[in-house]
Amino acid sequence: MKRRPLLAGNWKMHTTVLDACHLAADIAKSCSGLGDRDVLLAPPFTVLNQVAHMLAESGIYLAAQNVCWEAQGAFTGEISPLMVLDAGGVAAIVGHSERRQIFHEDDVLINKRVRGALAFGLMPIFCVGETLDEREAGETFTVVERQIRAGLAGVVPGDMEHVILAYEPVWAIGTGKTASKEQAQEVHAFIRNLIVKMYEKNIADQIRILYGGSVKPDNIDALMAQEDIDGALVGGAALDVESFGRIIHFQEI
Ligand code: 13P
């Protein structure tokens, strides 16, 4: 069973207001007429609102790159789910490896973000993935299972239709080293089976699992042809309209 593809661009810490508006407008142009797939952009918080205006009527979804679990309060440096919704966002990336590694966000904190997003009606794009050391030590499945079980703790079956998963092997992010389609498919299938065990087959069949890590125009087609890869979370190549446009227009091979 194939799910509706989702191509997502994570702009990370790039773009001023002007850059963001140009990029969003160009991307909106390049995906007009694409009815069989979803496109989502995750720009920095500072440009969410302007990008939302640029994307109006484009059908492209908007996401934040992180989100707090509280509606408001003394949480310096955080953005609440209500603020993301107010700016035009419908989703938030949570648990990105850059948050885990550089900012030491752990499974418990990430779980609060996942549940917080859901509580306010935002879709979490919940990221997991092993480091190179973990892969080489044969711990990929153990690490991914731990991250998923902890990140989804307390998430009830009824909320799972709003959850998007992303498998991003840390060693493939920004390195130009993509996981091979077989390596990616193997972990995606493992994740889907884990969702069967934690929830039920129906939920596992529906949930979208994106692959992220050096996704480029020249590897997207093969990745998207894999049974359990339902989309991509794209970093570097999402900042270039030609590359991202090509990725959006993937053709399974
Ligand atoms: P790159 O596509 O630049 O490897 O980044 C992937 C990523 O981290 C997306 O969230």
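Mind listing just one residue for me: the one in segment 241-250 that is within 11 Å of the ligand (Cβ to nearest atom) and out of contact with any Gly (no Cβ under 7 Å at 6 or more places or on another chain) and, of those, farthest from CYS31 (Cα to Cα)? Steps first, please.
In the first step, residues of segment 241-250 are kept if they are within 11 Å of the ligand (Cβ to nearest atom); the result is 243-244, 247.
The next check asks that each one be out of contact with any Gly (no Cβ under 7 Å at 6 or more places or on another chain); those that pass are 243, 247.
Values: SER243: 12, ILE247: 10 Å.
Selected residue: SER243.
With the requirement that a residue be surrounded by fewer than 16 Cβ atoms within 10 Å (Cβ to Cβ) and either of a type in the set (Gly, Ala, Ser) or within 15 Å of the ligand (Cβ to nearest atom) (or both), what does segment 184-208 give you? Correct list: ALA189 only. If you go through segment 222-232 and keep only what is among the acidic types (Asp, Glu) and more than 16 Å from the ligand (Cβ to nearest atom), you end up with GLU227, ASP228. Looking at segment 15-26, can you tell me whether even one residue there is within 16 Å of the ligand (Cβ to nearest atom) and under 21 Å from VAL215 (Cα atoms)? Yes: segment 15-26 contains one or more residues that are within 16 Å of the ligand (Cβ to nearest atom) and under 21 Å from VAL215 (Cα atoms). For segment 27-44, filtered to residues that are crowded, with 18+ Cβ neighbours inside 10 Å and of a type in the set (A, V, I, L, M), the residue that is nearest to the ligand (Cβ to nearest atom) is ALA42. What pairs can you find where one residue is in segment 173-199 and within 16 Å of GLU130 (Cβ to Cβ), the other is assigned to a helix (DSSP H, G or I) and of a type in the set (Phe, Trp, Tyr), and their Cβ atoms are less than 7 Å apart, with a gap of 6+ or different chains? As it stands, the answer is LYS177/TRP171; PHE190/PHE141, since those pairs meet every condition given. Among the residues of segment 173-183, those that are surrounded by fewer than 16 Cβ atoms within 10 Å (Cβ to Cβ) and either part of a loop (DSSP other than H, G, I, E, B) or among the hydrophobic types (A, V, I, L, M, F, W, C) (or both) comprise GLY174, THR175, GLY176, LYS177, SER180. Against the criterion of being surrounded by fewer than 20 Cβ atoms within 10 Å (Cβ to Cβ), in contact (Cβ under 8 Å) with a residue 40 or more places away in the chain and aliphatic (A, V, I, L, M), MET1 qualifies. Residue pairs whose Cβ atoms lie under 7 Å apart, separated by 6 or more positions or on different chains, with the first residue in segment 83-101 and farther than 10 Å from ALA42 by Cβ and the second at pLDDT below 95 and in a loop (DSSP other than H, G, I, E, B), are SER97/ILE173. Checked across segment 58-78, the condition of being loosely packed, with under 14 Cβ neighbours inside 10 Å, β-branched (Val, Ile, Thr) and without any contact (Cβ under 8 Å) to a residue 40 or more places away in the chain holds for at least one residue. The single residue among VAL144, VAL156, VAL170 that is over 30 Å from GLU242 (Cβ atoms) and surrounded by 14 or more Cβ atoms within 10 Å (Cβ to Cβ) turns out to be VAL144.
The values are calculated or read from the model by the stated rules, or taken from the named source; none is laboratory data. Keep in mind that what you see is a predicted model, and the values were worked out from it rather than measured. Here the Cβ is made from the backbone with ideal geometry for all residues, glycine too, and neighbour counts use every protein chain on show.
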